[in-house]
Each structure stands twice: as C-alpha cells, then as structure tokens.
Amino acid sequence: MVLISKWADELDEKKPWQVYPRPLLERSRWLNLNGIWEYQIVKDDEDTKAGLWLPIVVPFGVGAPLSMAPHTLEPGETIWYRKSFAAKPGLNRIMLNFESVDQICTVYLNGFEVGSHYGGFLPFSFEVGQYIKYQNALMIAVRDVTDTGIYSYGKQRLEHGGIWYSPIAGITGTVWLEELGTHAIEDMKITPDYEGARALIELAGNYEQAKITVSAPDGSFTHVGLTRDGHYAVPMENFHAWSTEDPFLYDVEVETEDDQVHSYFGMRRFSRGNDGQGHVRFMLNNKPLFLSGILDQGRWPEGGTTYPSEEAMRYELGKVKEMGFNMIRKHMKIESRCWYSLCDRMGILVMQDMPCGGSALRRWHNSIGPLFFHLRRCKDNDYEKQGRRADSIKAYKAELDDMLDTLYNNTCIFAWVPFNEGWGQFDAKDITERIRKYDTTRLVDSASGWHDQGCGDFSSRHVYYRHFHMPAEDGRIVLLSEFGGYGYYSTAHPTSDKVFGCRQYKDRLDYDQAVNALYEKDIVPNIEKGLSGCIYTQLTDIEDEDNGIMTGDRAAVKIDPVKMRKMNEKLMEKMR
C-alpha cells in the first residue's frame, strides 16, 4: 500500500532535487548528478552482470517507490550504481559530493577507486580532479546491513512493524560535482556570540587572504574585513536577534584569490535559567520560552527517508508553523542540509537526535519497564546489556562528531540528543561532555525518556498510556520530550492496513477532542509547576503508525489546526 503525494506526482524523474545541497557554504559553479542512474543488486562476492542493469532514480533510496527499485537490501548483498556524465577537465580541484549514502559505500570513477565512506546519514566528499575526463563513468558499491551491524540505523529495521520502519538503502541524497579554485574555502565555522555582540568566523583553506562581508538583508548593517589566519570577529553592536517569531539572518560572503562562497547566520542564545518563580526554564535570547514541539521522523510513503522535493519540505514546515508549534524534535534521523536551512529561515527551533545504533533492544529494559513500571534509571556502562561492542562504540563517536560538525552553523538547532530511551545508550555522562567540549552554544538532552544519568540540561520524560505528573525539579529544564501518540486511521489516506497508536479513535472528532483534552489535563496546569516544554508524538502517519496529526501524504491535517494553534498560543502565554 503506497500513498502518493502531490509532490511525487509533480516529480521530474530526470531532474529531481535540483536545489543546491549545502546552503551554508554555497557556490555558483556546480553540476547536479541526480536523475536516472542504473543499478544492480548482487551478492557481496559476485560481479555485476551485463544485461541486468535496471533504472533507478537518484536521490531516492532502494526500497522507496520513487526510486523505481522496490527491493529490501539484505546483509550479504551489494547495490552497484553506475552513471555516465560529461565534464570538463581543468587545472582546478573538482569535488564529488554525496549528501547521504546508506550505509557503507566505495566510489569508483573511470576505473579508479577514489574513496570509501561509512555511516548512512551524513554528507561526504572526494577530490576527483585527477580522474575527470570529458566523458566519465561513475560506479558506486553500497552495502547496508541496517540494524545488524555497527553503524547507526535510526528507526529502520529488517524486521519492521509497529514503531520500526522499512529499511531504505543506497544513495538517499543529492550527488553533485563542484569545482574549487586553488585557494578555495574548504570549511567555515560561524559562532554567534550573543553576549559579546559579535560573530566569530573561522575559515579553513589554502589562501593568502580572505575578504569577509557581513550584511543585513534590509540594508541596516554592513561590515567588511580581511583575515590571513582564518580567524575573524565581526563586531555586531545593536544587532537584530533571531527568534521563532522573527527569524532574522545575516548574509556572509567570503572571497579569496579564486573562490567566492555565500553563507548566513543568526544572532541567538540558547541557555537555561531561573524564571524568577523558582523554576528552571529554557531561555531563548535570555528570555523564557515554552517549547511546544512535534516529533518528526522524516519519512515519506513514496520517498522513504528522502523528501520528494524542497517544495514538500517547505509545505510541511509551513503547516507546523501554522499550527503554532515553535519547535521540532528530529527523531532518529539526520535530514539533508536544505531542511535545516528552511528551519533557520522560517523560525523553527530544532532538537536534533543522534540516530540510534547497537544490537537488538531488550524489551523489558528499553520499553516495558520504563513505560509501565517507572523504571527510568539504570547504569549505562554495561555495554553488553546496552547492545554495544567496542567497534560499535567507536563508530557511534565518529558519526556523532560528524553530525556536530556538519550541522554546527545552523541557527535553528538548540539542543543535541545523543540517546533516546536507552537505545544503544552508553556512558551518557562522557558523551555529554564530549558534545559540550565541541559545542558550547547549545543544550544537551543526554538521555531522552529514561535511563537518565543525572547529566545534561534536561530532565527529559516520555509518558504514554498514563497521565503526566511533574517530577521533582533538580536544576535542569523539565521537558516532556514525548507524549500523546493517539491514533486515528484515515481511510482516505492509509499508509498501512495495520494500525499502531497508544490509543485508537475511530471518529475524527473524538480524536481531535482527545488530543485537545490531553493538552488541557497534562500540559496546561503543569507549566506553572515548572514544566518548560512538551513534544507531541507525532507529525505524520508512517507505515503502521497512524498516530500523526497529518496523514502520510501530507494531504490532510487530522486535528483541527485552528484549535491547535490556539492551544499553542495558550501554552506560550502561560510562560510569559
């Protein structure tokens, strides 16, 4: 059973996803390689066979209907991709970029192996200028063992069902070529110093001098400076702050001898502080803000882990804003960089999960005990019990560091979530310190839901099947980081012939009233007692889950959006 959204109907299979993939380090010269490729699935120890190549639409992964490759990649199998393209050899450097390939890949260009990558969620690049010809043959070998290996897999499982989703494998993000000058900017890190009224810019690259221009789009501010060592502080007196109601961003242009890149940043500060009534609150720009959020898994019935288009992203985020939510928890997934850029520009806060990994979860330890018997705490240094081996721990840390580095410049991300409900959790205190050492500008929800080690910035609770009661405050922000999960099966927009939700409703009006009543009973009265935020499960229906407030194809909002907006306004007003 496959739903098809209107964006899938509008898809040009020869030219999908033509948007520049890296908005925070953007150049004008690039070649998009998305479109129709060829693929073949073979055993790991087998060669490809002539005459068995089939078409596949990149950047949609194998297993997603839009890819035209309706397979589940099994352990022991390899997807081979091939693509021919024209390019112009030159003296400059040429980078071959991948937004995401799930899960392990090796890249070959014109018969030469140019590099390998491990982990399925994050972008990577290879320098390929020495291999480029006028006519080129690109081949990529991909293996994806999903939840049977050492790398993060999020909510994908080979044996899926209930809260676990069908596995998507292979290329799942834009593939593109980009030409770099000899003196190119290879990386840029921008840190808004709200208290110091300045922006700190760090550049990496082989250049003699870089010219930095920072300007406001309304013409109210322009600053031009030069750096030779890659470090520069932009004075920002009387700056225009970024907020959810006013997502103001400053433009950045950096020029070297032969390179020019565009970026942006927002001046904002995330912190925890006392509200004057004895409660610790989340603070945006030193003012208390109630976090009213929605849990977002980032799945599409036809695209799998890949949105059909940027227009689909923009529409979905627009609905989130229309209903009055001010934040999204991106659950067990890392999106393409275009998604975060839209959140920056639309003023939507993001709590970013690290996708889970490790071996199979223990049902009592990870769900039944915490959900029904309040067993929220246990030590997390028993690696075998937590489903972690030494190689899986090493892989987790590498992927975590990569996520922090990739998404550092995005204005919208206010908190990192290294572990959810004990799924593959280990040494949460040490991991929290690892995050803080790299990023001092954001908060950390060290253990979302349970297996709390008493560290991080949040006392983070997941409550289903029962009502929420305020815990004793311990100096951290009290966040109901998951609740609700009520299900209503839309016969007009079904994602499965099964249903899964924490409570089922057959009538749409009854469902809407139940969601509203849950907010009235569990959220509204607890704000004055110290509750600082809540995250409803979830944004859309996905496969067996019919607990979304939108249908899987995003064609219908299942709750009353006006009523939801009024509820969110009520929650935020109680914090003011």
Within the set of pairs 6+ apart or on separate chains, which have a first residue in region 86-99 that is closer than 17 Å to residue 182 by Cβ and among the polar types (S, T, N, Q), a second that is open to solvent by 50 Å² or more (accessible area, probe 1.4 Å) and modelled with pLDDT under 95, and C-beta atoms under 6 Å apart?
92/179
When you scan region 382-433, how many residues do you find that are hydrophobic (A, V, I, L, M, F, W, C), in contact with a helix residue (DSSP H, G or I) (Cβ under 8 Å, 6 or more places away or on another chain) and open to solvent by less than 10 Å² (accessible area, probe 1.4 Å)?
9
Can you name the condition, by its number, that residue 459 falls short on among (1) modelled with pLDDT under 95; (2) part of a strand (DSSP E or B)?
(1)
Whichever residue in region 135-151 is touching a Ser or Thr at 6+ places or on another chain (Cβ under 8 Å) and more than 20 Å from residue 399 (Cα to Cα) and, among such residues, is surrounded by the fewest Cβ atoms within 10 Å (Cβ to Cβ):
135
Of the residues in region 275-311, those that are touching a residue at least 60 places away in the same chain (Cβ under 8 Å), touching a Lys or Arg at 6+ places or on another chain (Cβ under 7 Å) and farther than 30 Å from residue 474 by Cβ come to 305
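Regarding region 553-570, can at least one residue be identified that is closer than 30 Å to residue 473 by Cα and buried (at least 23 other Cβ atoms within 10 Å of the Cβ)? Show your work before the answer.
Quick first cut of region 553-570, residues closer than 30 Å to residue 473 by Cα only: 564-570.
Pick out the ones that are also buried (at least 23 other Cβ atoms within 10 Å of the Cβ) and you get 564.
Checking region 553-570: at least one residue is closer than 30 Å to residue 473 by Cα and buried (at least 23 other Cβ atoms within 10 Å of the Cβ).
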Unique match (being out of contact with any strand residue (DSSP E or B) (no Cβ under 9 Å at 6 or more places or on another chain), in a loop (DSSP other than H, G, I, E, B) and exposed (fewer than 14 other Cβ atoms within 10 Å of the Cβ)) among 89, 75
89
Taking only region 323-352 into account, find how many residues are of a type outside the set (Asp, Glu) and assigned to a helix (DSSP H, G or I).
9
Among the residues of region 155-204, count how many are out of contact with any helix residue (DSSP H, G or I) (no Cβ under 9 Å at 6 or more places or on another chain), modelled with pLDDT of 95 or more and at positive phi.
1
Please enumerate the residues belonging to region 152-167 that are surrounded by fewer than 24 Cβ atoms within 10 Å (Cβ to Cβ) and within 13 Å of residue 75 (Cβ to Cβ).
157, 158, 159
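Could you look through region 210-244, keep only residues that are in a loop (DSSP other than H, G, I, E, B) and polar (S, T, N, Q), and pick out the one that is surrounded by the fewest Cβ atoms within 10 Å (Cβ to Cβ)? Even if it seems obvious, please write down each step before you answer.
As a first pass, look at region 210-244 and keep what is in a loop (DSSP other than H, G, I, E, B): 216-221, 228-230, 236-240, 242-244.
In the following step, the residues that additionally are polar (S, T, N, Q) were identified as 220, 238, 243-244.
Numbers: 220: 11, 238: 7, 243: 18, 244: 19.
Among those that are in a loop (DSSP other than H, G, I, E, B) and polar (S, T, N, Q), it is 238.
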Taking residue 252, is it among the hydrophobic types (A, V, I, L, M, F, W, C) and buried (at least 22 other Cβ atoms within 10 Å of the Cβ)?
yes
Restricting to region 360-413, and then to whatever is among the polar types (S, T, N, Q), modelled with pLDDT of 85 or more and assigned to a loop (DSSP other than H, G, I, E, B), can you tell me which residue is nearest to the chain's Cα centre (by Cα)?
410
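Out of all the residues in region 168-205, which are more than 25 Å from residue 31 (Cα to Cα), assigned to a loop (DSSP other than H, G, I, E, B) and open to solvent by 10 Å² or more (accessible area, probe 1.4 Å)? Step through it out loud before you land on a result.
Residues of region 168-205 that are more than 25 Å from residue 31 (Cα to Cα), as a first pass: 168, 190-202.
This time we only want the ones that are assigned to a loop (DSSP other than H, G, I, E, B), so: 168, 194-197.
If the condition is that a residue be more than 25 Å from residue 31 (Cα to Cα), assigned to a loop (DSSP other than H, G, I, E, B) and open to solvent by 10 Å² or more (accessible area, probe 1.4 Å), then 194, 195, 196, 197 are the ones that fit.
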For region 531-549, check the following and say yes or no: at least one residue is under 20 Å from residue 462 (Cα atoms) and surrounded by fewer than 21 Cβ atoms within 10 Å (Cβ to Cβ).
no
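Which residues, taken from region 438-454, are part of a loop (DSSP other than H, G, I, E, B) and open to solvent by 20 Å² or more (accessible area, probe 1.4 Å)? Break it down into steps so the answer makes sense when it comes.
Here is the first cut: in region 438-454, the ones part of a loop (DSSP other than H, G, I, E, B) are 439-442, 445-447, 449-454.
Within region 438-454, 440, 441, 453, 454 qualify.
The values are calculated or read from the model by the stated rules, or taken from the named source; none is laboratory data. Worth saying up front: this structure is predicted, and the values here are computed from it rather than measured. Glycine also receives a Cβ, built like all others from the backbone with ideal geometry; neighbour counts cover every protein chain displayed. Note: areas computed on protein heavy atoms with side chains; ligands, DNA, RNA excluded. Shrake-Rupley method; radii C 1.70, N 1.55, O 1.52, S 1.80 Å.
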